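One structure is given below, encoded as structure tokens.
The values are calculated or read from the model by the stated rules, or taken from the named source; none is laboratory data. Given the structure is predicted, the values throughout are model-derived calculations rather than measurements. Ideal geometry is used to build each Cβ from the backbone, glycine not excepted, and the neighbour counts take in all protein chains shown.
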Amino acid sequence: MTRVSIITPFLNAAPFIEESIESVLAQTFDDWELLLVDDGSSDASTGIALRYASAHADKVRYLSHEHRQNRGASASRNLAARHARGEYLAFLDADDVYLPRKLELQVAILDAQPEVAMLYAATEYWYSWTGRQQDAGRDWVWRRYGAKPDTVVAPPRMLVRFLEDGGTVPCMGGVLARRAAVERVGGWEESFRRICTDQVFHAKLCLNFPVMVVDVCLDRYRQHENSSCQTAARSGLMHQAFESYLTWLESYVATQPVVEPAVRTAVRRALRRHRHPWLNRVHRQAVRYDARLRSLAARTIARTLARPLGRRLRGPER
């Protein structure tokens, strides 16, 4: 059995896909296969993928949907997962890159942690790829893990933390997951085609399995204006996309046989932030005001009690 199947869906990714593929070929760990899933591309990326599949037939495979349809990122990842031979699944978007020891380090950790279904690592938000002077100092590393690094996080704690943190989840390039766990939760939700596909995937895994965070950066997330997130942000669709994800999650949680109350509470609070942003702002301000009042009252009481005690310690006045 192949140890790792790397899944790379692509749609008109000609400017970047070759660099992504080369970052896989440069891995220090060699027991992998790369599944390139064409999601209906109309540019040169199809030819690039076919060229690599021909040149590395033992390692790289080209896949596409029936009639080369555009089905979205989730359906493309599911297609690859059905063809995967690996014990582990790794994910690499066609505009991002792996650092050379990505697979070597993560495979060793998952091998040593058989109870863990999915591993997270840090990701570099990569601006300097442009070569422009103004982008040279903009790179930074995502480390909003939501849990202490190098520890196993039991379900559903990580999902609750993601919800409390406004939906922030790790980048898929920093993930390594057991294929058996992904299959058990039914893979990716194909109704989510471009935005919040990752949030849905993380929710399903973190609700059902232990996960682990390692504090090491192993991939680069290319920042550019044509990415799915940037395109959605410009069109004003991000808020709607997150509300759709949270609505789906509310229904998904309701179908599960046993769910901790903390999950339902976190989902309700997250939905309130998206459905009623004004009320949520008022609530946050009221909480902060209440905290300030409590703090002021505590300090006032402490000073009031301290004065007589101070006079007693000083003794009678003369």
- Pick from 178, 144: which is assigned by TED's automatic domain parsing to the domain that holds residue 83 and surrounded by fewer than 20 Cβ atoms within 10 Å (Cβ to Cβ)? 144
- Message: If I go through the stretch 154-184 residue by residue, how many of them are in contact with a strand residue (DSSP E or B) (Cβ under 8 Å, 6 or more places away or on another chain) and under 25 Å from residue 140 (Cα atoms)?
- Response: 9
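Kindly provide the set of residues from the stretch 181-220 that are among the polar types (S, T, N, Q), surrounded by fewer than 19 Cβ atoms within 10 Å (Cβ to Cβ) and not in a loop (DSSP other than H, G, I, E, B), ordered by number.
Applying the first criterion (among the polar types (S, T, N, Q)) to the stretch 181-220 yields 191, 197, 199, 208.
Subset that is surrounded by fewer than 19 Cβ atoms within 10 Å (Cβ to Cβ): 191, 208.
Selection gives 208 alone.
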- Message: Looking at the stretch 255-266, I want the residues that are of a type in the set (Asp, Glu) and have a partner that is surrounded by 13 or more Cβ atoms within 10 Å (Cβ to Cβ) with Cβ atoms under 6 Å, at least 6 apart or on another chain. Which pairs are those?
- Response: 260/156
- Within the stretch 108-153, tally of residues that are touching a strand residue (DSSP E or B) at 6+ places or on another chain (Cβ under 9 Å) and among the polar types (S, T, N, Q): 3
- Item | Pair list, Cβ < 6 Å and 6+ apart or interchain, from the stretch 20-42 residues that are closer than 16 Å to residue 218 by Cα to residues that are surrounded by fewer than 17 Cβ atoms within 10 Å (Cβ to Cβ) and not basic (Lys, Arg) | 26/100; 28/100; 28/104; 29/104
